[in-house]
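Trainee: Just dropping this structure here.
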Amino acid sequence: MVPSQTKLPSSAVYDKLKLTAQLLLPAIGALYFALAQIWHFSYAAEVNGTIAVLNTFIGVAVVWLKSIYSARGSQYDGSLVWTEGDEPGDSVLRMTSIDLKALETKGEILLQVKGRPPTE
């Protein structure tokens with residue numbers, strides 16, 4: 001378990017690691033293995049095995065980071081709180097804990113919904 005005050009990598013680092021594990025390393029491994037067969041490169045199995053091990057390690061790190069982000073709610077840029085309004089049947093949605101930097105720099109934000117809509 002990671003303490004809640006432990007600094008985690010930014011979402012940009014997470015996204016790059018995820019891209020590396022899902023796309024780049026498998027593509028490089030397949031490319032090298034195919035070219036090694038055609039052009040008789042040395043150590044095709046060893047290079048491809050090394051890439052596979054690196055990819056597995058990075059993939060485990062990505063899953064671990066995602067579980068920590070999810071447990072902390074770090075993936076959210078703020079909250080959307082749903083409460084009852086002043087009049088019966090009215091609902092009020094209020095944004096709280098919004099990361100203002102996210103509003104300035106991101107093209108989209110992710111809000112966690114708290115509370116439930118009132119039932120009639």
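Trainee: If you scan segment 90-108, which residues turn out to be under 26 Å from the mean Cα position of the chain (by Cα) and outside any helix (DSSP H, G or I)?
Mentor: Once the filter is applied, which keeps residues that are under 26 Å from the mean Cα position of the chain (by Cα) and outside any helix (DSSP H, G or I), segment 90-108 yields Arg94, Met95, Thr96, Ser97, Ile98, Asp99, Lys106, Gly107, Glu108.
Trainee: Next up: What's the number of the condition Leu65 fails, among (1) in contact (Cβ under 8 Å) with a residue 12 or more places away in the chain; (2) more than 30 Å from Pro26 (Cα to Cα)?
Mentor: Leu65 satisfies all of (1) in contact (Cβ under 8 Å) with a residue 12 or more places away in the chain; (2) more than 30 Å from Pro26 (Cα to Cα) except (2).
Trainee: Pull up segment 5-26, narrow it to residues that are outside any helix (DSSP H, G or I) and touching a residue at least 12 places away in the same chain (Cβ under 8 Å), then point me to the one that is farthest from Ala52 (Cα to Cα).
Mentor: Leu8
Trainee: Follow-up. For Val53, state whether it is closer than 24 Å to Leu24 by Cβ and modelled with pLDDT of 85 or more.
Mentor: Here the answer is yes, as Val53 does meet what is asked.
Trainee: When Ala36 is evaluated against the numbered criteria (1) touching a helix residue (DSSP H, G or I) at 6+ places or on another chain (Cβ under 9 Å); (2) closer than 18 Å to Ser10 by Cβ; (3) surrounded by 13 or more Cβ atoms within 10 Å (Cβ to Cβ), which criterion, by number, is the only one it fails?
Mentor: In the conditions (1) touching a helix residue (DSSP H, G or I) at 6+ places or on another chain (Cβ under 9 Å); (2) closer than 18 Å to Ser10 by Cβ; (3) surrounded by 13 or more Cβ atoms within 10 Å (Cβ to Cβ), Ala36 misses (2) alone.
The values are calculated or read from the model by the stated rules, or taken from the named source; none is laboratory data. Every value quoted in this text rests on a predicted model; they were computed, and no experiment measured them. Don't worry about glycine lacking a Cβ; one is built from the backbone with ideal geometry, like all the others, and counts go over all protein chains shown.
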